[in-house]
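In what follows, a structure is listed as structure tokens, so that the remarks can point back to it.
The values are calculated or read from the model by the stated rules, or taken from the named source; none is laboratory data. This is a predicted model, so every value here is computed, not measured. Here Cβ is always computed from backbone atoms with ideal geometry, including for glycine, and neighbour counts include all displayed protein chains. Please note that ligands, DNA and RNA were not included when accessible areas were found on the heavy atoms of the full protein model with its side chains. Shrake-Rupley method; radii C 1.70, N 1.55, O 1.52, S 1.80 Å.
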Amino acid sequence: MATAKEQRDEQSQRLDRIEQKIDHMADAIIALARAEEKIITLTDFGKQQSEQILTLINRVDRLENLVRQNAQTVQVINKLFWIITAAAAAAISGMLFIQ
């Protein structure tokens with residue numbers, strides 16, 4: 001039969017092992033909480049990035065529309081310039097031939 005001291009030592013060792021397991025579980029729970037915080041942070045960051053990308057897409061679309069409008073305006077101005085230049089050249093050459 002085991003003596004009282006041996007029984008106390010056994011129970012003490014058993015409690016030490018249980019405490020170690022509890023400490024390991026606490027560390028694991030803390031690590032999971034940190035990982036969850038990181039996931040939440042990354043999710044929020046991803047949402048912000050998505051919103052910024054949508055904003056940029058909208059800006060690019062508006063810019064494309066402005067470029068199209070400007071291109072049409074430049075084409076009209078270019079045509080008017082050449083019409084005026086041709087008319088001036090015809091007028092000048094006509095005046096030269098009349099004299």
Quiz item: Pick from region 26-53 the residues that are within 9 Å of the chain's Cα centre (by Cα) and of a type outside the set (F, W, Y): which of them is least open to solvent (accessible area, probe 1.4 Å)?
Solution: G46
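Within region 1-11, can you find the residues that are assigned to a helix (DSSP H, G or I) and exposed (fewer than 10 other Cβ atoms within 10 Å of the Cβ)?
Just the residues of region 1-11 that are assigned to a helix (DSSP H, G or I), to begin with: 4-11.
Passing the criteria: A4, K5.
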